[in-house]
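Right, one structure below, let's go through it.
Derivation of every value follows stated rules applied to the coordinates shown; laboratory data play no part. Note that the coordinates shown come from a computational prediction; the quantities given were computed from them, not determined experimentally. With ideal geometry, Cβ positions are generated from the backbone for all residues, glycine too; neighbour counts draw on all protein chains shown.
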Amino acid sequence: MSHDLTRLNASDLAAKLASGEVSSLEATDAHLDRIRAVDHDVHAFLHVAADAARATAKAVDARRAAGEALGALAGVPIAIKDVLCTIDMPSTAGSKILEGWVPPYDATVVAKLRNADLIPLGKTNMDEFAMGSSTEHSAYGPTHNPWDLERIPGGSGGGSAAAVAAFEAPLALGSDTGGSIRQPAAVTGSVGVKPTYGGVSRYGAIALASSLDQVGPVSRSVLDAALLHDVIGGHDPRDSTSLTDVWPSFADAARSGQRDRSLKGLKIGVVKELGGDGFQAGVTQRFQEALTLLTAAGAEVVEVSTPSFEYAISAYYLILPAEASSNLAKFDSVRFGMRVNPVGGGTVEDVMSATREAGFGPEVKRRIILGTYALSAGYYDAYYGSAQKVRTLIQRDFARVFADVDVLVSPSAPTTAFKLGEKLEDPLAMYLNDLTTIPANLAGVPGISLPVGLAPEDGLPVGIQFMAPARQDARLYSVGATLEALLEDQWGHPLLSEAPDLTPQEMFASEEGAV
């Protein structure tokens, strides 16, 4: 029974919970058992809150038995990326400098999860302060891809994607600064969504680059992502960038796409600059096959050119480090987090320097130095200012092509999952993994990644990315659900059902704590 429960999508599990066929405690225990069995190999979690999860599940079951009206996902377990503050669990952002830190408040999205009666299972691994594309920059060791444990699960949110792909959780929360939800989704065969900037609160998300960061859902189906987006979205007065829009039901949009399986009247733009040379042959093959399906469903597929996208990575890796160097200045050893006292004592500056030397990893230090340099007197206009001008050009390119097409499409990542360690010593090669996802963050538009099959040369998942104009997230769910339904009709099953099973191992050191 427990094996069957962990294989259910969130929407299917929610239906069984609502009908009384399954209790939330049974569903929670099944996922905790799965974590015990496989996370020793996957290392998706940094902290598992087993006792708290079971207590919450019991409370949800009691309220359901009492006849209370509960939310659509009530009783469904969820994993939370460790970049989000949680009042009852450590929030480390994958860094030693925050090791063991328990915040005094919940992030808004976490509070919304609790209010909707989802069951937090624990916190997932990530690249330190969300700086990375492979989850190898975590201070607590890398996460492994469930499809091949010798390969990366993407980053920075590889822990959330791996937890979902390994059936340790049906849902997860991630954050996406330059593709950190969508790229892990692509290489693990899961679904990941970056909402419109401002559509989901960033309050309580430990900041990397404030003008780029966005919290979003990770799941095994488009409908599940939409259901979670409905829970976490909406205006938050505590976030000054939060939009005041009244959003439609994203779940309704996904169900419509599932049901209709028609894209008649939809115009899709294939981004010329997000493909071609440097893309793995199997990725291109599966992408082209998906385009054929979209055309067969009635969509008009045309090529569009966005010349400024060629400079997106260069602009991003100036803007992000600049904002990161400012945001990470708060980790000063004085107010919270790690404190290292130099031998023999020293000034506050000496303590700060020693703490940052011990607490920050090499990738974080690299980006802080780069960002501080880009913002320094005499270089601001040449670097940061110029990057912001390129960002404006990218936003204009989006506006121009969206005047002619309804959505844009590209591969979600240039390659399938590469081997652990393969690009660790080459930061520039690592940065290129974000080639297709970065433009959406620079422009603030929404994007979704969903699986389109396995690359023939290595049998690993390939993702397709759709992007829509700002505030048109519902359009992505409709189109994504249509393609997902067409693909599953063709395959006869969801892609993740092909994932190799993992060898169970007992791995909990304790019922409540780090794993």
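Between Ser386 and Glu349, the simple label model (points 7 Å from Cα in the Cβ direction) yields a spacing of 3.1 nm. Remark on Phe45: its backbone amide H falls under 5 Å from those of Asn125, a criterion applied only to residues 5 or more positions apart or on other chains, H modelled at 1.01 Å from N. Each Cα pair under 8 Å and six or more residues apart adds its sequence gap; the mean of these over the residue count of the chain is a relative contact order of 19 percent. Backbone phi angles across the range 410-423, fed through the Karplus curve with coefficients 6.51, -1.76 and 1.60 (θ = phi - 60°), yield HN-Hα couplings of 7, x, 6, 8, x, 9, 6, 4, 8, 6, 4, x, 5, 10 Hz in residue order; Gly and Pro are listed as x. When shorter helices are ignored and each DSSP H run of at least 4 residues is given -39500 (n - 2.57), the per-residue value for the chain at 222 nm works out to -12000 deg cm²/dmol.
Centre-to-centre separation between the Cα atoms of the range 217-289 and those of the range 405-425: 17 Å.
I need the peptides 155-162, 440-447, 10-17, 49-56 ranked by packing, meaning the mean over residues of other C-beta atoms within 10 angstrom, with the highest value on top.
Numbers: 155-162: 36.4, 440-447: 27.0, 10-17: 20.9, 49-56: 18.9.
Descending packing order for the listed peptides: 155-162, 440-447, 10-17, 49-56.
Normalised by the number of residues in the range 118-200, the average gap of Cα pairs under 8 Å and 6 or more apart makes the relative contact order 24 percent.
Give the whole-number value, in cubic angstrom per residue, of the convex hull volume spanned by the C-alpha atoms of the range 312-465. Don't jump to the answer; show the numbers that get you there.
Details: hull volume 24.0 nm³, N = 154.
Residue-normalised Cα hull volume stands at 156 Å³.
In this structure, the amide hydrogen of Ile464, modeled 1.01 Å from its nitrogen in the peptide plane, lies closer than 5 angstrom to those of Ser412, Leu450, Val452, counting only residues at least 5 positions away or on a different chain.
I'd like the antiparallel share, as a percent to the nearest 5, of DSSP beta bridges with both residues in the range 1-147. Show your work: numbers first, answer last.
Values: 3 of 8 bridges.
Bridges in the range 1-147 are about 40 percent antiparallel.
Among the trypsin sites (Lys or Arg not before Pro) in the range 147-256, those located in a DSSP loop and surrounded by at most 13 other Cβ atoms within 10 Å of their own Cβ are Arg238.
Remark on Gly447: its backbone amide H falls under 5 Å from those of Lys194, a criterion applied only to residues 5 or more positions apart or on other chains, H modelled at 1.01 Å from N. Among beta bridges identified by DSSP and lying wholly in the chain, the antiparallel ones come to about 65 percent.
Karplus-based coupling profile of the range 42-48, in residue order and whole Hz: 7, 6, 6, 9, 9, 8, 10, with θ = phi - 60° in 6.51 cos²θ - 1.76 cosθ + 1.60 and x standing for Gly or Pro. Of all lysines in the structure, those lying under 16 Å Cα to Cα from Lys194, and not within fewer than 8 positions of it along the same chain, are Lys81. A simple rule links phi to the HN-Hα coupling: the Karplus curve 6.51 cos²θ - 1.76 cosθ + 1.60 with θ = phi - 60°, which for the range 365-372 gives 4, 4, 6, 4, 5, 4, x, 5 Hz, with x for Gly and Pro.
What value in Å³ per residue do you get for the convex hull of the alpha-carbon atoms in the chain?
On the way: hull volume 73.0 nm³, N = 515.
Dividing the Cα hull volume of the chain by its residues yields 142 Å³.
Only Cα pairs under 8 Å and 6+ residues apart enter the sum, and on that basis the relative contact order of the range 339-461 stands at 18 percent. With Cα atoms defining each centre, the range 131-194 and the range 313-346 are spaced 24 Å apart in the structure.
Assuming R0 = 45 Å, what is the FRET efficiency of Asp332 and Arg396, from their Cβ-Cβ distance, to the nearest 0.05?
Computed FRET efficiency for Asp332 and Arg396: 0.70.
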